[in-house]
1. Working from Cα positions, state the angle (0 to 90°, nearest 10) between the long axis of helix 337-358 and the longest principal axis of the chain.
2. Would you be so kind as to identify which of L314, A387, L332 lies farthest towards the positive end of the dipole of region 314-387, taking Lys and Arg as +1 and Asp and Glu as -1 on Cβ and the Cα centre as origin?
3. So if the hydrodynamic radius of region 55-152 is defined as the Kirkwood radius over C-alpha pairs, what does Stokes-Einstein give as its diffusion coefficient at 37 °C and 0.692 mPa s, in µm² per second?
4. Relative contact order (percent) for the chain, with alpha-carbon contacts under 8 angstrom and 6 or more residues of separation?
5. With +1 on each Lys and Arg Cβ and -1 on each Asp and Glu Cβ, how big is the dipole of region 278-366 about its Cα centre, in debye rounded to the nearest 20?
6. When a/c is below 1.5 the answer is rounded, else prolate if a/b is larger than b/c, else oblate, so apply that to region 233-346 with a ≥ b ≥ c taken from the square roots of the Cα gyration tensor eigenvalues.
7. Treating the beta-carbon of each Lys and Arg as +1 and of each Asp and Glu as -1, no other charges, what is the dipole magnitude of region 206-345 about its Cα centre, to the nearest 20 debye?
8. I need the per residue convex hull volume for the chain, using only the alpha carbons, in cubic angstrom as a whole number.
Amino acid sequence: MSKISEKGRVLNYVTRPLPYLLISLPAVLSLLYVRSFGVDVPFGDTWTMVPFFDKLSSGTLSVSDLWRQHFEHRVFFPRIAMLLLGTATAFDNVAIMYLIQVCFLVTLIVLLLAFKDSVVGPNLFFFVPVSFLVFSLGQYWNMLVAWSLTFVFVQTFAVLALYLLYVASRTDPKRLAFLAALVSGTVASFSSAQGLFVWPAGFVQLLIAPVERPAKRVLIGVWSLVGLGEWIFYFYGLNVPRHRSERYFLDNPNLGVDYFLTALGGSLVRQQVIALVIGLILACLIAASLLFIYRAGKLGECSFWIALLSFSFLFLLSIVVGRSGMGTENALSSKYPTFTALAVIGAYAMLIKLVFEQRSRIGAALLGLLTTLIVISIPVSYAEGVAAGKELEVNRERAARVISTYKSQPDEALTVVNRSSWRVREWAPILERLDYTVFSESERHN
C-alpha cells in the first residue's frame, strides 16, 4: 500500500502542472503568431496616432486631444497606452501587438480565477477550451493591427470589471473590489463605444447576485449612477455618425437575425453558411443553459457568467444595428470574435457547473455538444489564422517599403498603407522626423 501511495503522490506531482501547461499553450502560440507575422508599420486607423506623437514631441498635447472622438468611439485610454509604449519603442507597432497579447492574458487569468471559484467539481483540464477561445486566431486582425488595442482594452477591462463585481458581492473587503470594478468599467467605457455595455451587464449581474438586500441596493444604486453618468459624459458633445445599416436593420429584421447568428457562429468558424448554422446551435445552447441554471436555482452563483453573456449579446445587437446593412459576410469580421467568444465561454462555464453540481444528463449532452464544437473549431481557426497572417505579413511589408520611400511614391501607391493617401503624404514626414516605426534606426538596420 505504501508503494502504491508513493506512486500516486509522484504521479500527482507530475500531472498537477499539466492542465496549466495546456492552458498556457494558446498564449505561447499567439506570441509566436505575432512574432512570425507582425510587421512594424502603421496601417489603417493606426495612422491617426501620428498627430498625437507630433503634439507630444512639441509639448502641445492636451487632454482634449486625447478625448477627441474617433468616429463614434472615445479611445482615451488606448491612446494614452499607445503614446506611452510608442514613445519608449519608437512607435513600434509590433510592441503594441505584444501589449494586445498581454491584455488577452489578463482576460484569461481573470476567467480562470472565476472558473476556479464559481464552477465547483471539474479539474482544470475543462478550462483548456476557454484558453483556446480567448487566444483564437479567428481574431487575427485584432492580433496583428496595433489600433485594435482599442477593442482589446474594452474586452479586458470589461471582463475585469465584471469579475471584481463578482468578488465584491462575495468577499470582504467589498468596498475595495467594488471601487476597482468602477475604475475598470471606466477604462472599458472610454476605450471604445462597446465598453459602455459593461454598465448594463454589471447591472444584470448585481440584480441576480446573492447579496444581502441592503448591500445590494447600495451596490446597484452606485453602479447605476456612475454608469449613467459615464454614458451621459461619453455622448456629451459627441457627433454620432449615421450608418446606412440602421435603416436597413429596421426594414430587414430577418436579415438582422441572420447577421446576429452568423456573428455568434463566427466566434468558432468563418464560413458564412456554417457560421449561421453554428450560431443557431449556440443560441439554442445558451438559452438552454440559462433555463437549466434558472430551474436549478443557480442564477446567483452564475452571475458573472450571465454578465459575460449579457455583455457579449449587447455587443452583438450593436453591430447588428450598426453594420448589418454591409451584408451578412461582414458578420464574419475578424474583429468580432474578441467579444462574441465571451458568450460561448459563459454558456460553457454554466453547463460545466450544471453537470458537476446537478448531475444533469441533459446538461452533459449539451456540454458535450458545445465542447465538440469548440474543439473542432480550434484546428480550423489556426489554419485560417496562419493563412491570413501570411497574407497580412506580405501586405504590411509592402506597405513598409512604400512608406519608407513615400517621397518618390505616387498617391495610388500610398493607398496600400491608408485609403486616404493625403494622410500618408502629410504624416509620414512626422514619423521620419521622429525616427519612428519604419524610419527608426532599428528598422533601417533590418
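Values in this text are rule-based calculations from the coordinates and carry no lab data. The model shown is predicted, which means the values in this text are computed figures rather than measured ones. Every residue, glycine among them, receives a Cβ derived from its backbone with ideal geometry; neighbour counts consider all protein chains shown.
1. Once rounded, the angle reads 10 degrees.
2. L314
3. Working: Rh = 15.6 Å.
My calculation gives 210 µm²/s for D.
4. Numbers: 604 pairs, mean separation 92.3, N = 446.
Value for the chain: 21 percent.
5. 160
6. Oblate, because a/c is 1.5 or more while a/b does not exceed b/c.
7. Details: 11 positive and 7 negative charges, 29 e Å.
So the magnitude is around 140 debye.
8. 175
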